[in-house]
Amino acid sequence: MNVDDCVLIAGAGPVGMTTALALAKAGIPVKVFDALAEIPTDHRASTLHPSTLMLVEELGMTEILINRGIESPLFQWRDRATDRIVAEFDYRDISDVLKFPYALQVEQHKTIEVARDLALPMDTFTLTRERELVDLRQDDEGVEIKVQAPDGSMETHSGRFLVGADGGRSIVRKQLGIDFPGFTWGERFIIVSTYYDFEEAAGYRYRNYVAHPVQWCAMIKVPGDEDEGVWRALFPAFGDAPDEHVLSDEWIQARFAECYPYDPPYDLLHRNLYSVHQRVAETFSKGRVAMAGDAAHVNNPLGGMGMNSGIHDGLNLAQKLVEAWHGADHEALLARYDRQRRPTAEKYVQAQSIANKKLLEENDPEAREKRLKELEFTATDVSAKRAYLLRASLVQMVEEANAIE
């Protein structure tokens, strides 16, 4: 195989773009391909954890992102059944290990834009849109991919390595024949946004999780297109009602009246309905190809771990590829990437996001009260709170992964 002297990346989302930026800054030529014509601005991930802010600072992203986001050191767990705040956590309580002791509320597309804008001036970076990867093959020297243009024509590109950052339906993963075990949650999730100020109305923080045995919910604040401040509500949609019914004003206003009965009906700005999966690939690498982010693992959004852990994947992988580029054993490096990121994705991202959901939806009265009491204790006990914040911020995940040889 005649191999071009570059790294190929499938997917220009937050994971693919930050990985590309890291490689380009290291002097590694990188070619990024994405199926979409533009960066999607629909309601996707919106929280960057303190650990992520520290990691992307090296890329020059953090200061720019802070200027475009909302600093959120506090987050709450509430119980709707008793109308009480069960626990409030403050990242400033572990400011000895956090350079940025807050989560940053900033829409996913802005994170992509910042990474892209930093990468575009570099002659080591190339981005090609409206090119969907449809096939790949590899040998001992490199990887060759075929991408399809909008007119149906095919292009062939090659590189020393390929990064699959092409999402939960990853073509890269499927082409490699890598299994993606796990499950799909029975309910759908719907995100709805409004300008209504829940902080002023009911003392909500910028991140809130509201437990209830029948209809749990969550509420966060993001900057909005013009920094006007937008509140996003997350609801589960149980049953088999058609999508159009769940997306209707009637259904959504009924959920707001249940969960946030402060001043309904609310002006509704956007709505997005989707299915949610919990899956981890059986391996994160094969030959000269490695996967990162949703291509390698997917989870529910409770805790804001998907985009963050994906960016962590990509930056860990970029370090390995830089070493391989300069002559180190790529097989050993990618095997180490798999050892570092796959088990910790299962231990932290999967386990914590599932635990968060179980806590919100617990309907057995005794078990529910026990879970809430444990959370209340965690928020008030110094050592328990610290351990919880180190996990929630993904600091502990990063440290543990990096320690694996």
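Which residue out of Thr194, Thr184 is surrounded by fewer than 21 Cβ atoms within 10 Å (Cβ to Cβ) and in contact with a Phe, Trp or Tyr (Cβ under 7 Å, 6 or more places away or on another chain)?
On the way: Thr184 fails: in contact with a Phe, Trp or Tyr (Cβ under 7 Å, 6 or more places away or on another chain).
Every option except Thr194 fails the conditions.
Which of (1) over 26 Å from Glu141 (Cα atoms); (2) among the hydrophobic types (A, V, I, L, M, F, W, C); (3) out of contact with any helix residue (DSSP H, G or I) (no Cβ under 7 Å at 6 or more places or on another chain) is the odd one out, the single condition Cys6 does not satisfy?
With (1) over 26 Å from Glu141 (Cα atoms); (2) among the hydrophobic types (A, V, I, L, M, F, W, C); (3) out of contact with any helix residue (DSSP H, G or I) (no Cβ under 7 Å at 6 or more places or on another chain) applied to Cys6, the lone miss is (1).
Let's see how each residue does on (1) of a type in the set (Phe, Trp, Tyr); (2) closer than 27 Å to Leu390 by Cβ:
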residue: Arg92; (1), (2): no, yes
residue: Phe100; (1), (2): yes, yes
residue: Gln108; (1), (2): no, yes
residue: Glu113; (1), (2): no, no
residue: Leu120; (1), (2): no, no
residue: Asp135; (1), (2): no, no
residue: Asp139; (1), (2): no, no
residue: Val143; (1), (2): no, no
residue: Gln148; (1), (2): no, no
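Please pick out the residue among Arg137, Arg116, Arg129, Arg92 that is surrounded by fewer than 20 Cβ atoms within 10 Å (Cβ to Cβ), basic (Lys, Arg), at negative phi and within 20 Å of the chain's Cα centre (by Cα).
Checking each option against the conditions leaves just Arg116.
Count, please, the residues in the range 94-110 that happen to be touching a residue at least 60 places away in the same chain (Cβ under 8 Å) and in contact with a strand residue (DSSP E or B) (Cβ under 7 Å, 6 or more places away or on another chain).
The number of residues fulfilling the criteria is 4.
Matching residues to (1) out of contact with any strand residue (DSSP E or B) (no Cβ under 9 Å at 6 or more places or on another chain); (2) farther than 22 Å from Arg129 by Cβ:
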| position | (1), (2) |
| --- | --- |
| Ile28 | no, no |
| Lys31 | no, no |
| Ala35 | no, no |
| Pro40 | yes, no |
| Arg44 | no, no |
| Leu48 | no, yes |
| Glu63 | yes, yes |
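For the range 116-145, which residues satisfy the criterion of being under 16 Å from Pro29 (Cα atoms), of a type in the set (A, V, I, L, M, F, W, C) and assigned to a strand (DSSP E or B)? If you could, list the steps in order and put the result at the bottom.
As a first pass, look at the range 116-145 and keep what is under 16 Å from Pro29 (Cα atoms): 116, 118-128, 142-144.
Then keep just the ones that are of a type in the set (A, V, I, L, M, F, W, C); that gives 118-120, 122, 125, 127, 143.
Across the range 116-145, the qualifying residues are Phe125, Leu127, Val143.
Tell me which residues, restricted to the range 146-183, are outside any loop (DSSP other than H, G, I, E, B) and more than 19 Å from Gly310 (Cβ to Cβ). Break it down into steps so the answer makes sense when it comes.
Taking the range 146-183 first, the residues outside any loop (DSSP other than H, G, I, E, B) are 146-148, 154-159, 161-164, 171-176, 182-183.
Residues satisfying the conditions are Lys146, Val147, Gln148, Met154, Glu155, Thr156, His157, Ser158, Gly159, Gln175, Phe183.
Within the range 203-212, can one find any residue that is more than 25 Å from the chain's Cα centre (by Cα), closer than 18 Å to Trp77 by Cα, aromatic (Phe, Trp, Tyr) and buried (at least 16 other Cβ atoms within 10 Å of the Cβ)?
No; the residues of the range 203-212 include none that is more than 25 Å from the chain's Cα centre (by Cα), closer than 18 Å to Trp77 by Cα, aromatic (Phe, Trp, Tyr) and buried (at least 16 other Cβ atoms within 10 Å of the Cβ).
Would a scan of the range 82-93 turn up a residue that is in contact (Cβ under 8 Å) with a residue 12 or more places away in the chain and part of a loop (DSSP other than H, G, I, E, B)?
no
Mind listing whichever residues of the range 318-328 are free of Cβ contacts under 8 Å to residues at least 40 places away in the same chain and buried (at least 18 other Cβ atoms within 10 Å of the Cβ)?
Matches in the range 318-328: Lys320 only.
If I filter the range 323-336 for residues that are under 20 Å from Val395 (Cα atoms) and part of a helix (DSSP H, G or I), do I get at least one hit?
So in the range 323-336, the residues under 20 Å from Val395 (Cα atoms) come out as 336.
Filter again for part of a helix (DSSP H, G or I), leaving 336.
Within the range 323-336, one or more residues are under 20 Å from Val395 (Cα atoms) and part of a helix (DSSP H, G or I).
Looking at (1) part of a loop (DSSP other than H, G, I, E, B); (2) within 27 Å of Val56 (Cα to Cα); (3) of a type in the set (Asp, Glu), which is the only condition Glu113 fails?
(1)
Restricting attention to the range 125-146, which residues are farther than 15 Å from Arg173 by Cβ and β-branched (Val, Ile, Thr)?
Matches in the range 125-146: Thr126, Thr128.
Among (1) farther than 20 Å from His330 by Cα; (2) in contact with a helix residue (DSSP H, G or I) (Cβ under 6 Å, 6 or more places away or on another chain), there is one condition Arg84 misses while meeting the rest; what is its number?
Among (1) farther than 20 Å from His330 by Cα; (2) in contact with a helix residue (DSSP H, G or I) (Cβ under 6 Å, 6 or more places away or on another chain), the lone unmet condition for Arg84 is (2).
Does Asn67 satisfy the criteria of being more than 30 Å from Glu361 (Cα to Cα) and at pLDDT below 95? Before the answer, list the steps.
Numbers: more than 30 Å from Glu361 (Cα to Cα): yes; at pLDDT below 95: no.
Considered against the rule, which asks whether it is more than 30 Å from Glu361 (Cα to Cα) and at pLDDT below 95, Asn67 comes out as no.
Is it the case that Leu315 is crowded, with 16+ Cβ neighbours inside 10 Å, at pLDDT 95 or above and either at negative phi or out of contact with any strand residue (DSSP E or B) (no Cβ under 8 Å at 6 or more places or on another chain) (or both)?
Working: crowded, with 16+ Cβ neighbours inside 10 Å: yes; at pLDDT 95 or above: yes; either at negative phi or out of contact with any strand residue (DSSP E or B) (no Cβ under 8 Å at 6 or more places or on another chain) (or both): yes.
For Leu315, the condition - crowded, with 16+ Cβ neighbours inside 10 Å, at pLDDT 95 or above and either at negative phi or out of contact with any strand residue (DSSP E or B) (no Cβ under 8 Å at 6 or more places or on another chain) (or both) - is met.
Scan (1) out of contact with any strand residue (DSSP E or B) (no Cβ under 7 Å at 6 or more places or on another chain); (2) under 23 Å from Ala20 (Cβ atoms); (3) in a loop (DSSP other than H, G, I, E, B) for the single condition Gly303 breaks and write down its number.
All conditions pass for Gly303, except number (2).
Here's a check for you: in the range 213-233, which residue that is closer than 21 Å to Lys373 by Cα and among the aliphatic types (A, V, I, L, M) is surrounded by the fewest Cβ atoms within 10 Å (Cβ to Cβ)? Talk me through it step by step, then tell me what you get.
First, pick out the residues of the range 213-233 that are closer than 21 Å to Lys373 by Cα: 213-218.
With the extra rule that they be among the aliphatic types (A, V, I, L, M), the set shrinks to 214, 218.
Values: Val214: 11, Ala218: 25.
Out of the qualifying residues, it is Val214.
The values are calculated or read from the model by the stated rules, or taken from the named source; none is laboratory data. If you're wondering where the values come from, they're calculated on a predicted model, not measured in any experiment. Positions of Cβ are generated from backbone atoms using ideal geometry, with glycine treated the same way; all protein chains shown enter the neighbour counts.
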